[in-house]
Amino acid sequence: MDTGTDVYVEAASKLRNDIESTKAALGEKIQALQHEVRGAFAEASDRMKGTLQHARDAVHPAVQFHRHPFAFCAVAFGVGFLLRQRVASHREVRGELADKMEPGLASSILPHTARPSLSRAIIEGVAPAALELLSGALLSRR
């Protein structure tokens, strides 16, 4: 009986040692996988942050103005020109309508025909500010 129980004790001890070594190996593998996953997540997160920052910079007017001041001013000038053309054609239509109406009726329906041009006031106010901003950007580049 002594040898039979010794065999069982030895087998149980060997089984416990195998279980412990397997647990330790699995723990190490799990830690390695966690480290890899965390690294991959951090890398993806950094890439996403960079992409988002690049997208924000691509549409932010101040960033674009400092990168490409002349192109920015050319686009601003073009937009201003198109708006001016639109306002001018709109004013011509109003003027034609006012000419076809009775004088009292025209001033009550189309009161904008007697007022100074809003677009002219905007252009006179914006042009000096744009030139000042452009000159400041050019001086800061030197």
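Read-outs throughout are calculated quantities, based only on the coordinates presented, and are distinct from any laboratory measurement. Remember, predicted model here, so these are calculated numbers, not experimental data.
Calculate, in nm to one decimal, what Leu83 and Gln53 gain on full extension: separation in residues at 0.36 nm each, minus their alpha carbon distance.
Numbers: separation 30, 0.36 × 30 = 10.80 nm, distance 3.16 nm.
Additional length available on full extension: 7.6 nm.
I'm a student and want to see the number: the projected area of the Cα convex hull of region 1-59, averaged over all directions, in nm². Intermediate values should be presented prior to the final figure.
Values: hull surface 14.9 nm².
Its average projected convex-hull area is 3.7 nm².
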